[in-house]
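The values are calculated or read from the model by the stated rules, or taken from the named source; none is laboratory data. Quick caveat, the model's predicted, so the values are computed rather than measured. Here the Cβ is made from the backbone with ideal geometry for all residues, glycine too, and neighbour counts use every protein chain on show.
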Amino acid sequence: MSNGAREGGSATALSGAGAWWSDPGLLVNGDPDHVWGLLDSGVGSGARLAAAVYRASAHVHRGATPGVRRQLLALDAARYGDRDLSARISAVPVEGEPAARWRVDWATGSNVDAPFRRAFTGHDREVSAVATGVVDGRPITVTASRDKSARVWDLATGQQVGEPLTGHTGWVRAVATAVVDGRPITVTASNDKTVRVWDLTTGQQVGEPLTGHTGSVRAVATAVVDGRPIAVTSSNDKTVRVWDLTTGKKVGKPLTGHTGWVRAVATAVVDGRPIAVTSSRDRSVWVWDLATGKQVGEPLTGHDGEVLAVATGVVDGRPIAVTSSNDETVRVWDHTTGKQVGEPLTGHTGWMPTVATGVMDGRPIAVTGSDDRTVRVWDLTTHRQTGPALTFPAPIEAVAVTPHNTHLTVAFGHDIATLSPH
């Protein structure tokens, strides 16, 4: 790259042979003020697309490091549907920084300039939840949105599968996947106070809506109890409910004890027992035996704010839970002892409404997303962040790790993106 690009030469000097838009190194490493001055100087569709990609996150570029710009520009190129440009941007070397750790496989472009968009569009309001699964041997992701719908996406191609799943009359807040009688299904939960089950092969709703909650249903997880597939839901009505996914009937009485909205739920198996882990606005985390409906041990306390999200995993053969909060910390809990493991994980500077767990490179990880517009990946063995934070142009609403632990799916604003490690 020329000194003019670094030091702010004229548009004429920077454009050189008139192909600045074909130089991803300039977009990544060039001074943002002077790259901005070039955006209207190009001729042809390639120049217009490159300019649109740069403008998509221009509000971040000026204060960002070249490494962050590289990651954002690769994301925005994918949002416009140009995977080749995205890959070329990811490959740009940045002085003093390692090669890009993640590549963007695909992203939706619901909220980018329509004249230049080549990408798939989807939800027309914020995406609030993401879950992953497998249909006919294909890995898929299911997204839920404030637009009152859920959508299914082919993780390999980024194409939407079938028509949107519609029927809810309110914001679809949560989604989970499972298998019932050999059929892949998804379960959605809404602030219309209902839970719905959908056949992922046909795209049709299964049975009637599941009703019983008296407040917005904020979270859903699935499990198997005594050979029966079940869903576990939590609500603003301060209760947790269990549903038999084969019959559509409630199982037992509501699980009560939280004194605030129950914001999140996850399931696991501990010592052969299926359990649910719930987190609440009351700053506590509770563990429930799903076979008996009884609380297990004392509530897990330590967060100084609402516990917004929970996920479960295994570290060194021990079952754990990972929680995130608006106190800007992530905490890890040992299910065997009921104690917090290590110090809180810190780094985010905003609320963390989402956390997921998985395995990458043979190591257990947690992935957190925040209102600070970043996603962070944590090694649960060392309790350290792995690599730099991933920056996005909008607050993060949901994250998921794909079934084979090979990709991350991230929901931000109206869009979703799938990333894989280099």
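Things worth noting here:
- Residues (in a helix (DSSP H, G or I) and among the small types (Gly, Ala, Ser)) located in the range 21-40: Ser22, Gly25, Gly37
- Close pairs from the range 367-393: first surrounded by fewer than 21 Cβ atoms within 10 Å (Cβ to Cβ), partner among the small types (Gly, Ala, Ser) and part of a strand (DSSP E or B), Cβ under 9 Å, at least 6 apart: Asp379/Ala366
- Residue match in the range 84-105 (condition: buried (at least 16 other Cβ atoms within 10 Å of the Cβ) and modelled with pLDDT under 90): no
- Residue pairs meeting the criteria (Cβ under 7 Å; at least 6 apart or on separate chains; first in the same structural domain as Thr391 (by TED's automatic domain parsing) and on the phi > 0 side of the Ramachandran plot, in the range 403-422; second of a type outside the set (Ser, Thr, Tyr) and in a strand (DSSP E or B)): Asn405/Gly358; Asn405/Val359; Asn405/Met360
- Looking only at the range 177-211, and only at residues there that are outside any strand (DSSP E or B) and among the hydroxyl-bearing types (Ser, Thr, Tyr), the one that is farthest from the chain's Cα centre (by Cα): Thr202
- Inside the range 227-247, residues that are farther than 16 Å from Trp198 by Cα, hydroxyl-bearing (Ser, Thr, Tyr) and in a loop (DSSP other than H, G, I, E, B) make up a count of 1.
- Criterion applied to Val217, Val251, Val224, Val269 was being in contact with a Phe, Trp or Tyr (Cβ under 9 Å, 6 or more places away or on another chain) and without any contact (Cβ under 8 Å) to a residue 60 or more places away in the chain, and the one residue passing it is Val251.
- Among the strands (runs of 3 or more DSSP E) confined to the range 383-422, the ones with at least 3 residues that are within 8 Å of the chain's Cα centre (by Cα) are located at 396-401, 408-412.
- Filtered residues of the range 41-73 (kept if assigned to a loop (DSSP other than H, G, I, E, B) and hydrophobic (A, V, I, L, M, F, W, C)): Val43, Ala64
- Near pairs, Cβ below 9 angstrom, 6+ apart or cross-chain, from the range 344-359 (over 24 Å from Thr402 (Cα atoms) and among the polar types (S, T, N, Q)) to any residue that is part of a strand (DSSP E or B) and at pLDDT 95 or above: Thr346/Thr329; Thr346/Val330; Thr349/Thr374
- Test: residue in the range 253-261 that is crowded, with 23+ Cβ neighbours inside 10 Å and aliphatic (A, V, I, L, M): yes
- For the range 252-269, the condition of being more than 25 Å from Val172 (Cβ to Cβ), under 28 Å from the mean Cα position of the chain (by Cα) and assigned to a loop (DSSP other than H, G, I, E, B) holds for at least one residue.
- Taking the range 249-306 as the range and being closer than 25 Å to Asn191 by Cα and of a type in the set (Lys, Arg) as the test, the residues that pass are Lys249, Lys250, Lys253, Arg263, Arg281, Arg283.
- Yes/no for Arg283 being more than 24 Å from Ala144 (Cβ to Cβ) and either among the aliphatic types (A, V, I, L, M) or free of Cβ contacts under 8 Å to residues at least 24 places away in the same chain (or both): no
- Meets criteria (out of contact with any Lys or Arg (no Cβ under 8 Å at 6 or more places or on another chain) and touching a residue at least 12 places away in the same chain (Cβ under 8 Å)) for His335: no
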